[in-house]
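*Asks:* Got a structure here, written out as C-alpha cells. Questions coming.
Every number here is computed from the coordinates shown, using simple stated rules; none is lab data. As the structure is a computational prediction, the values presented were derived from the model and not from experiment. We place every Cβ from the backbone using ideal geometry, glycine too, and count neighbours over all the protein chains shown.
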Amino acid sequence: MVFLNLKIWTWRTGPSWPCQERCFCATPSRLGMVKPLRLPGSGWVALAPKLCLAWQGMLLLKNSNFPSNMHLLQGDLGVASSLLVEGATGGKVAQLKITQRLRLDQPKLDEVNRRIKVAGPNGYAILLAVPGASDNRSAAGASEAATTSTQRPLRNLVSYLKQKQAAGVISLPVGGNKDKENSGVLHAFPPCDFSQQFLDSTAKALAKSEDDYLVMIIVRGAS
C-alpha cells in the first residue's frame, strides 16, 4: 500500500503570502507518487508533483524591480517561509534586494553544493522563480518599491545575471539577524548547467521559457 502525506498550508492571506491550495508532498520511500531527483553529492530526494507557491513579490536590483513568484522545487518549504521575512519583526516581506553577486566558477558552485549537503533535508529549499503579476501594488512594501524603482520583466534580471556569469546573493532574513540558526543566504541562479540539474519536465513547463526563470537556492545558516 502506498501512503500519501497530505499537507494543507494555511498561511495568512495577503498579496505576498496567499493561502496555499493543497500541496501533495511525499517522502523518497513513497515512490510512484513522486519523481525522484538526484542532488549533487547526495542521494535521491523527492520532488513534489505539484509546485507549491512559496513566495510572491518583487526582486530588486539597483534601481529596478522584477515581479516574481517562487515555487518549491525540493527541500523544506519551512526554510523558505521562516527566512523570507523581516529580521526585526518576523513579518513576511514583499521585496528581496540582491546586494551581491557570486561568480559561476566551479569552486564556488562546489561550495554551494557542499552547503546543501551539510544542511540536510530540513536545512535548505530550492525554488523556481518565474514572472509575477506586474500590477500587484497592494503587498506591504511593494507599492513603495514600485515608486522608487523602475519595474522591468524578470527576463531582464535573468539576462543581466547571465551576462555577468553570476548568481545574485541575498542575505536572510531581510535586515539581518543575530541568531545564526535563524539566518541564511539565498542564491539566485540564471539558466546554466548548474541550475538545470534541479529542474524536471514539470518545472520546465512552468518556466515556459529558457530566458524567463531563476533557480533560487536558500540554505539555512550563516553565509
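*Asks:* Which value in nm describes the separation of the simple spin-label points at K208 and V118, placed 7 Å from the Cα toward the beta carbon?
*Replies:* 3.9 nm
*Asks:* In what sequence, highest mean first, do 158-169, 76-87 appear when ranked by Cβ atoms within 10 angstrom?
*Replies:* Top of the packing list down: 76-87, 158-169.
*Asks:* Describe numerically, in nm with one decimal, the distance between label points set 7 Å from Cα along Cα→Cβ at S201 and at T150.
*Replies:* Rounded to a tenth, the inter-label distance reads 4.1 nm.
*Asks:* Hey, can you grab everything whose amide H is under 5 Å from the amide H of Q74? Only 5+ residues off in sequence or another chain; H modelled, so Pro and N-termini drop out.
*Replies:* Here I126 satisfy the definition.
*Asks:* How would you rank 126-134, 93-101, highest first, on the average number of other Cβ atoms within 10 Å across their residues?
*Replies:* 126-134, 93-101
*Asks:* Please identify which residues in the range 200-223 have an amide N closer than 16 Å to a label point set 7 Å out from the Cα of Q100, following the Cα→Cβ vector.
*Replies:* The answer is 217-223.
*Asks:* What residues qualify as long-range amide H neighbours of M216, i.e. H under 5 Å apart, gap of 5 or more or another chain, H built at 1.01 Å from N?
*Replies:* L127, L128, A129, F189
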